[in-house]
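Single-structure report; data block below.
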Amino acid sequence: MQKPRLRSPSPAFVISLLALFVALGGSAYAATGLSKNSVGTKQLKNNAVTGPKIKNGAVTAAKINTKGLTVPNALHASTADSATNATQATSAAPSGAAGGALAGSYPNPGLAPIEAWHEVGAAGQPAFQNGWTNFGAGFSTLAFAKDSAGFVHLKGTITAGAFGVAVFTLPAGYRPAQNLALPVAIERNADIFTTGDVELFQSGAETNAGFDGLSFKAG
C-alpha cells in the first residue's frame, strides 16, 4: 500500500495566509498597541466626533467660542445685539404720580393747572391798603395766582385809593426778581416791586384801575 503524498501549498494559499496574519496583527496593535493620549486632532477625520459620541455635560460654556454662535429657535435672535439691559427696559420709564409743573401720573402726565386765585382782602390773603377796594358792579375782583411755569397772573378792577403807595403786598414766592412798571387799564402804570408792593400812579382824574391780563415771572 502506497503512502499518501503530501502536496505543497499553492502560492495563492500562502499569500492569503500571510495577508490574514498581517491584518490580524494590525488590528491587535491598534487595539492594544496605542499609548495613552497618542490620538490627537491630526488623527481625527472631519466630522468624526458626532453628538451621540459626546458625553452629556462634557462640553461646558468655558469651552465654547460664542463668537458667531446663533440659536435658531431663540425668539428674535437676529436682534439680540440691541437687547442689552432689556430686563431693565420696563422699569426705565418713570411711573407713579407726577409732580412739579406736571399733573396726573406717568407715563401720561399733563401740565398742571394754574392754582386757585388768591383774593385780595379775603381771610388769610393780603389785605387792601391805602383805601383801595374792589370796584364791584359785576367787575372782576382783585386777585393773583401762579401757574406751573412760575408766572404770576393778576386780575381785578379796583377804585378809590391813594396813588403812589401800596394797593396790596404780594407774599414771598409771588414777587418779581426786579422792579416792574406794567401798563394797566385806564391809562396808568402799576409798579410791582421786589418787596411785593403793588402801586398805581395816577394819570388824570380817573380813580379806577384794572389789572386783568397782567402777568410776570416770579423771581
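The values are calculated or read from the model by the stated rules, or taken from the named source; none is laboratory data. The structure presented is a predicted model; accordingly, all values stated were derived computationally and were not measured. Methodologically, a virtual Cβ is constructed for each residue, glycine included, from the backbone with ideal geometry; neighbour enumeration extends over all protein chains shown.
Scan the range 195-204 and give yes if some residue there is of a type in the set (Gly, Ala, Ser), touching a Leu at 6+ places or on another chain (Cβ under 8 Å) and crowded, with 20+ Cβ neighbours inside 10 Å, otherwise no. If you could, list the steps in order and put the result at the bottom.
From the range 195-204, those of a type in the set (Gly, Ala, Ser) are 196, 203-204; that's our starting set.
From what is left, the residues that are touching a Leu at 6+ places or on another chain (Cβ under 8 Å) are 196.
This time we only want the ones that are crowded, with 20+ Cβ neighbours inside 10 Å, so: none.
No: zero hits.
Within the range 205-219, being surrounded by fewer than 17 Cβ atoms within 10 Å (Cβ to Cβ), over 13 Å from Ala145 (Cα atoms) and small (Gly, Ala, Ser) holds for Ala205, Gly219.
For the range 141-180, the set of residues classified as more than 19 Å from Gln129 (Cβ to Cβ) and touching an Asp or Glu at 6+ places or on another chain (Cβ under 8 Å) consists of Ala145, Lys146, Asp147, His153, listed by residue number. Residues in the range 174-194 that are touching a residue at least 12 places away in the same chain (Cβ under 8 Å) and exposed (fewer than 13 other Cβ atoms within 10 Å of the Cβ): Ala177, Gln178, Asn179, Glu187. Taking residues in the range 196-210 that are closer than 16 Å to Thr141 by Cα, and partners anywhere that are among the aromatic types (Phe, Trp, Tyr), the pairs with Cβ atoms closer than 7 Å and at least 6 places apart or on different chains are Val198/Phe168; Asn208/Phe135.
Quick check on the range 100-120. Is at least one of its residues in contact (Cβ under 8 Å) with a residue 60 or more places away in the chain, farther than 25 Å from Gln178 by Cα and surrounded by 13 or more Cβ atoms within 10 Å (Cβ to Cβ)? So that I can check it myself, show each step before the final result.
Narrowing the range 100-120 to residues in contact (Cβ under 8 Å) with a residue 60 or more places away in the chain: none.
No, every residue in the range 100-120 fails to be in contact (Cβ under 8 Å) with a residue 60 or more places away in the chain, farther than 25 Å from Gln178 by Cα and surrounded by 13 or more Cβ atoms within 10 Å (Cβ to Cβ).
Note on the range 177-191: residues that are part of a strand (DSSP E or B) and β-branched (Val, Ile, Thr) total 1. When the test is whether a residue is exposed (fewer than 13 other Cβ atoms within 10 Å of the Cβ) and either within 20 Å of Ile114 (Cβ to Cβ) or not acidic (Asp, Glu) (or both), Pro171 passes it. Quick check on my filter: what residues within the range 192-219 are of a type in the set (A, V, I, L, M, F, W, C) and either outside any loop (DSSP other than H, G, I, E, B) or within 12 Å of Pro171 (Cα to Cα) (or both)? Within the range 192-219, Ile192, Phe193, Val198, Leu200, Ala209, Leu214, Phe216, Ala218 qualify.
Of all residues in the range 196-219, count the ones that are in contact with a strand residue (DSSP E or B) (Cβ under 9 Å, 6 or more places away or on another chain) and either farther than 19 Å from Glu119 by Cα or of a type in the set (Lys, Arg) (or both). Working first, answer last.
Kept after step one, since they are in contact with a strand residue (DSSP E or B) (Cβ under 9 Å, 6 or more places away or on another chain), are these residues of the range 196-219: 196-204, 206-218.
When the remaining residues are screened for being either farther than 19 Å from Glu119 by Cα or of a type in the set (Lys, Arg) (or both), the result is 201-204, 206-207, 217.
Counting residues in the range 196-219 that are in contact with a strand residue (DSSP E or B) (Cβ under 9 Å, 6 or more places away or on another chain) and either farther than 19 Å from Glu119 by Cα or of a type in the set (Lys, Arg) (or both) gives 7.
Quick one: count up the residues across the range 113-161 that are part of a loop (DSSP other than H, G, I, E, B), touching a Leu at 6+ places or on another chain (Cβ under 6 Å) and under 20 Å from Ser203 (Cα atoms). Count: 1.
Taking the criterion of being modelled with pLDDT under 90 and among the acidic types (Asp, Glu), the residues of the range 162-219 that qualify are Glu187, Glu206.
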